[in-house]
1. For the range 62-93: of the residues being within 26 Å of Pro158 (Cβ to Cβ) and outside any helix (DSSP H, G or I), which is most open to solvent (accessible area, probe 1.4 Å)?
2. Give the range 171-197 a look and list any residue that's more than 16 Å from Arg125 (Cβ to Cβ) and of a type in the set (Gly, Ala, Ser), or say none.
3. Which of the residues spanning the range 154-195 are of a type in the set (Ser, Thr, Tyr), open to solvent by 40 Å² or more (accessible area, probe 1.4 Å) and touching a strand residue (DSSP E or B) at 6+ places or on another chain (Cβ under 9 Å)?
4. The conditions are (1) among the hydroxyl-bearing types (Ser, Thr, Tyr); (2) farther than 23 Å from Ser19 by Cα; (3) surrounded by 18 or more Cβ atoms within 10 Å (Cβ to Cβ); (4) out of contact with any helix residue (DSSP H, G or I) (no Cβ under 8 Å at 6 or more places or on another chain), and Tyr142 fails exactly one of them. Which is it?
5. Is it the case that some residue within the range 12-26 is closer than 13 Å to Met108 by Cβ, surrounded by 12 or more Cβ atoms within 10 Å (Cβ to Cβ), at pLDDT 95 or above and out of contact with any His (no Cβ under 8 Å at 6 or more places or on another chain)?
6. Considering (1) open to solvent by 70 Å² or more (accessible area, probe 1.4 Å); (2) of a type in the set (Asp, Glu); (3) within 19 Å of Asp145 (Cα to Cα), say which one Asp113 fails and leave the rest.
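The values are calculated or read from the model by the stated rules, or taken from the named source; none is laboratory data. Not measured: the values here are computed from a predicted model. Counting neighbours? That spans all protein chains shown, and the Cβs are built from the backbone with ideal geometry, glycine included. We work out accessible area using only protein heavy atoms, side chains counted, and drop any ligands, DNA or RNA first. Shrake-Rupley method; radii C 1.70, N 1.55, O 1.52, S 1.80 Å.
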Amino acid sequence: MAVIEALQTRWDNGLFEWSIGLADSLIERFANEQSGGFYFTSHDHEQLIMRSQAFNDDAMPSGNAIAAQALYYLGFLTGETRYLDYAERSLDAASMQLAQQPMAYAAMFNALDIRLHSATIIVLRGPVEQMQQWRRRLDRHYLPDVLCFAIDSTGEAPSQLQDKKPIHDGVTAYICQGMSCQPPLTQITALLDHLKI
């Protein structure tokens with residue numbers, strides 16, 4: 001999740017590729033393929049009496065919940081359904097515990113909220129200074145379910161976002177709700193209207 005937050009602050013292709021690598025490594029080395037969710041130890045770890053896999057929050061939010069949230073966001077951003085599948089399986093694995101003792105699973109309920117309401121992903125393409133003006137307009141509002149990534153039009157977007165191209169010299173905004181994207185917008189007022197702010 002920290003990498004996704006950092007990418008919203010300042011886009012970096014290298015950091016984005018690193019987030020993909022982290023997600024792939026998480027799935028490859030820690031996923032519980034039988035019942036869903038993720039173990040705290042990797043598959044090549046020394047043999048233990050029991051591999052722990054907790055879904056409840058403790059002094060810190062549940063690792064499984066943070067993993068599910070990050071995989072949802074990364075799946076929506078990249079269009080990679082495999083990430084969404086593993087996030088879904090984490091929630092499914094925790095569903096009985098969430099129903100029995102909801103107060104202990106706040107972070108997992110945040111993941112459930114993403115599942116039920118699909119975060120809004122905004123990708124801005126354009127000149128840096130103009131995109132910063134758009135970001136300042138958006139930042140005036142509390143938008144907890146909106147993630148906004150601003151990618152400089154002078155640089156190359158990663159392959160997963162190649163379809164999000166600037167269509168003129170100004171800023172182009174692509175708005176996606178879950179896996180469904182709207183036609184691009186080129187006016188900040190149209191973006192604010194779409195978000196109902």
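1. Glu80
2. Selection gives Gly178, Ser180.
3. Thr186
4. With respect to (1) among the hydroxyl-bearing types (Ser, Thr, Tyr); (2) farther than 23 Å from Ser19 by Cα; (3) surrounded by 18 or more Cβ atoms within 10 Å (Cβ to Cβ); (4) out of contact with any helix residue (DSSP H, G or I) (no Cβ under 8 Å at 6 or more places or on another chain), Tyr142 is out only on (3).
5. no
6. Every condition holds for Asp113 apart from (1).
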